[in-house]
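A short worksheet on the structure shown next.
The values are calculated or read from the model by the stated rules, or taken from the named source; none is laboratory data. Just so it is clear, the model here is predicted, and its values are computed rather than measured. Every residue, glycine among them, receives a Cβ derived from its backbone with ideal geometry; neighbour counts consider all protein chains shown.
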Amino acid sequence: GNSVTQMEGPVTLSEEAFLTINCTYTATGYPSLFWYVQYPGEGLQLLLKATKADDKGSNKGFEATYRKETTSFHLEKGSVQVSDSAVYFCALKGGEGSNYKLTFGKGTLLTVNP
Amino acid sequence: GAGVSQSPRYKVAKRGQDVALRCDPISGHVSLFWYQQALGQGPEFLTYFQNEAQLDKSGLPSDRFFAERPEGSVSTLKIQRTQQEDSAVYLCASSRLTDTATEAFFGQGTRLTVV
């Protein structure tokens, strides 16, 4: 079945540092890939998505590229801010089985210090 | 409302009690999902509705879990005879369409603690 493996945290960075959170997946077919973010005290929010190979999703300075050859969807940001402190979840939908069920990674806690 | 609304936000239940968790999806969203998020883990799928029809309940962990959406809008997740292992955050999500690309919008969740 589908599965997502993401970098274990916690990750602690200083403001303006470069961020990478690794995410790899297992799925047959052509799933869509997502990054969700959960800020303290809030619900999950979609950060970005990519629906086919080589697509790049981007939002709020974050980027991730759908790499089918390496089954990866790593999240990057060139200069993090304190306000980016949150838990980040990589997820996929589609591929084998349903086209509606999201499969999530375990989440990565990011803390950005001033 | 503008987003997915869940109530209560927090629920403490004694072991053996029944609980009911409510989800009010975004107006017009035909698809509704329940997920369970254990501490330190990612959300895991429980069940899916398209309008009032429950099309997939493969993720419900036992027959103590029951979900309904009788009028195709508000949904209730009911857990009977709660156990400590049921302690988790229960997330509801809704989406306008059901396909791989469509975004699902999540509520803030209900944190259930069974003591």
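Within region A:1-24, the set of residues being over 19 Å from A:THR103 (Cβ atoms) and charged (D, E, K, R) comprises A:GLU15, A:GLU16. List the strands (runs of 3 or more DSSP E) that sit entirely inside region A:60-113 and contain at least 2 residues that are surrounded by 22 or more Cβ atoms within 10 Å (Cβ to Cβ). In region A:60-113, the matching strands (runs of 3 or more DSSP E) lie at A:86-93, A:102-104.
Restricting attention to region B:57-108, the residues that are within 14 Å of chain A (Cβ to nearest Cβ), in contact with a Pro (Cβ under 9 Å, 6 or more places away or on another chain) and assigned to a loop (DSSP other than H, G, I, E, B) total 2. Sort out which residues of region A:84-102 are at negative phi, facing chain B (nearest Cβ under 10 Å) and at pLDDT below 95, and write them in order of number. Of everything in region A:84-102, those that are at negative phi, facing chain B (nearest Cβ under 10 Å) and at pLDDT below 95 turn out to be A:LEU92, A:LYS93, A:SER98, A:ASN99, A:TYR100, A:LYS101, A:LEU102. The number of residues in region B:1-48 that are part of a strand (DSSP E or B) and under 21 Å from B:ASP86 (Cβ atoms) comes to 22. When restricted to residues that are within 10 Å of A:LEU92 (Cβ to Cβ), over 10 Å from the mean Cα position of the chain (by Cα) and not β-branched (Val, Ile, Thr), region A:13-38 contains 4.
If you go through region A:21-55 and pick out every residue that is part of a strand (DSSP E or B), among the polar types (S, T, N, Q) and away from every other protein chain (no Cβ under 11 Å), you end up with 2. Checking each residue in region B:2-34 for being among the acidic types (Asp, Glu) and surrounded by fewer than 14 Cβ atoms within 10 Å (Cβ to Cβ) picks out only B:ASP18. I'd like to check something: does region A:50-67 contain any residue that is within 15 Å of B:THR100 (Cβ to Cβ), hydroxyl-bearing (Ser, Thr, Tyr) and touching a strand residue (DSSP E or B) at 6+ places or on another chain (Cβ under 6 Å)? Looking for residues that are within 15 Å of B:THR100 (Cβ to Cβ), hydroxyl-bearing (Ser, Thr, Tyr) and touching a strand residue (DSSP E or B) at 6+ places or on another chain (Cβ under 6 Å), one finds at least one in region A:50-67, hence yes.
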